[in-house]
Amino acid sequence: MKRLLLLAALLAGFCSCADEYGYSVRDHKIVYNTPPRPAGQQSMLGFACDPIDTVRIGVIGLGDRGKDVPKRMAYIEHASVVALCDLMPERVERAQKSLVKRGAPRAKYEFTGEDGWKELCALEGLDLVYLAVPWQLHTKMAVYAMEHGKHVAVEVPAATSIEECWALVNTSERTRRHCMMLENCCYDFFELTCLNMAQHGLFGDVVHAEGSYIHNLDPWWDNYQGDWRMTYNKDHHGDVYPTHGIGPVCQVLNIHRGDKMDLLVSMDTDAFAGQDKADARYGKGTVDYQNGDLAATLIRTRKGKTILVEHDVVTPRPYNRMYQIVGTKGYANKYPSPGLALGSESLEGAAYDNLDAEKYMSAEQRDSLLAAYKHPIAREIEALARKVGGHGGMDFIMDYRLIYCLHNGLPLDEDVYDAAEWSSLVELSEVSIKHGSMPVVMPDFTRGEWDRTDGLRFAVK
Ligand SMILES: NC(=O)c1ccc[n+]([C@@H]2O[C@H](COP(=O)([O-])OP(=O)(O)OC[C@H]3O[C@@H](n4cnc5c(N)ncnc54)[C@H](O)[C@@H]3O)[C@@H](O)[C@H]2O)c1
């Protein structure tokens, strides 16, 4: 009977996807389901676990990204890397050496091969599984780790489909384990300062924000183990790597802490440069490359704000995360060089045709304001973060905050709903594009609790 109903719906053109985490097409919109919370699960909003004296960490994936995790953790009080895992034994050994070099003990447990990660997740006496593996493995490993009682920190994007996003949310809610996506750009210095300025009202009401991932990956395509990244991109339209752009601006806009991303529209170019690269890599005519050179996604929130996110990893545009905050009383942008403009007093008496009258504040004013509003977390840890490094220090601040919150039994800065919402753009942008840029009504991973929390606050003891 269920099958018959489904078939009827499909024939009528109303339903494109039958499962409970899927969508239907209604009134020229793609509407994603938000299924009720299964019995036995509780919201993870504001969740904190008991304080952990020393956070015992297992790292899975020790490639370009993961290789520096043990070293960074070795600088952090109350953190101890006790287990390492990679497909390749030499990468485990490289990570061991980085621990020793920093004066930390070698990790007690080592795992290699395709399934070594399962043994790591099952270890007794492990608190946190830290995942820096290819995207295709993130959710599978995160879910398994939570099922085995571990908190999870997972690289970006945490999930590549809506079904995976819900798997993270449901597993975290059922097991009462943290699942933090490691969105490091939320911890970059300019973004932290702007977040602080926004929370102090300097921009007035923030009405629009932008963030992107524009990074020509030409020098790196060969580095990804098993070609996982090009393999994913060649098969998918849309913004396959949205979280560096969307994460920091969602924090400024208090997404699921008073507002909610509601409606999304995506559009992409054809794959011009992408196809050329695939032809060069796999042979002309071998691959029909899907990922457009540029994918742009526009989102409207429940409170009437907008967000623009772009993805471009194949053109020669210089690195740019397009970070911009547009408020009723002020504006900030990070690239190509940081700029601030507050208020419009400078425009009084300006001639109508004098377009130069609209100015950023001077570099001196800007720098003194940025210094005055430096985020308390950056103030606390900046010197060590810059010394240890990791994208200029933001990776260290992220790890430091993760351990600080776990050690002190505090809610994490980025929760499982952030992981799901930010990662959801991977599928939602692709589905919009595949339907001729049709608007998409986004699912609500908090299941109606998006305004239960009054603004984002980073917890401190
Ligand atoms: N936040 C950031 O700034 C940032 C930067 C780079 C990469 N990343 C993310 O980090 C992740 C890894 O990227 P990367 O550049 O290090 O890729 P990589 O290919 O260099 O490393 C992936 C590692 O995972 C290992 N691996 C694969 N399958 C495994 C398995 N079954 N068990 C154990 N190990 C396995 C590989 O051997 C490899 O060493 C990706 O999710 C990527 O998006 C994030």
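Observations on the structure shown:
- FRET efficiency, residue 161 to residue 26 (Cβ-Cβ, R0 22 Å, nearest 0.05): 0.55
- Along the chain, the longest continuous region that contains none of the GluC sites (Glu not before Pro) in a DSSP loop with at most 13 other C-beta atoms within 10 Å is 125-347.
- Rounded, prolate or oblate (a/c below 1.5 giving rounded, otherwise prolate when a/b exceeds b/c) for the stretch 296-338 by Cα gyration tensor: oblate
- Spacing of the modelled spin labels on residue 367 and residue 140, each 7 Å from Cα toward Cβ, amounts to 5.1 nm.
- Only beta bridges with both residues in the chain are counted; by DSSP, about 50 percent of them are antiparallel.
- Length released on extending from residue 319 to residue 122, taking residue separation times 0.36 nm less the Cα-Cα span: 67.0 nm
- The number of Lys pairs in the stretch 185-333 with C-alpha atoms less than 20 Å apart, excluding pairs fewer than 8 positions apart on the same chain, is 6.
- FRET efficiency for residue 306 and residue 94, using Cβ-Cβ distance with R0 set to 45 Å, rounded to 0.05: 0.50
- Note on the stretch 32-171: along the principal axes its Cα atoms extend 50, 32, 22 Å, ordered by decreasing extent.
- Loop-located trypsin sites (Lys or Arg not before Pro) in the stretch 277-339 whose Cβ has at most 16 other Cβ within 10 Å (DSSP): 284, 302, 303, 329
- Each Lys or Arg adds one and each Asp or Glu subtracts one; over the other residues with Cβ under 11 Å from the Cβ of residue 175, this totals +2.
- 256, 311 arranged by Cβ crowding within 10 Å, fewest neighbours leading: 256, 311
- Normalised by residue number, the volume inside the convex hull of the Cα atoms of the chain is 171 Å³ per residue.
- With a Förster radius of 41 Å applied to the beta-carbon distance between residue 224 and residue 383, the computed FRET efficiency rounds to 0.75.
Since every read-out is calculated from the coordinates, none of them should be taken as a lab result. Keep in mind it's a predicted model, so treat the numbers as computed, not measured. Because the Cβ atoms are built from the backbone with ideal geometry, glycine has one as well, and the counts that use them run over all protein chains shown.
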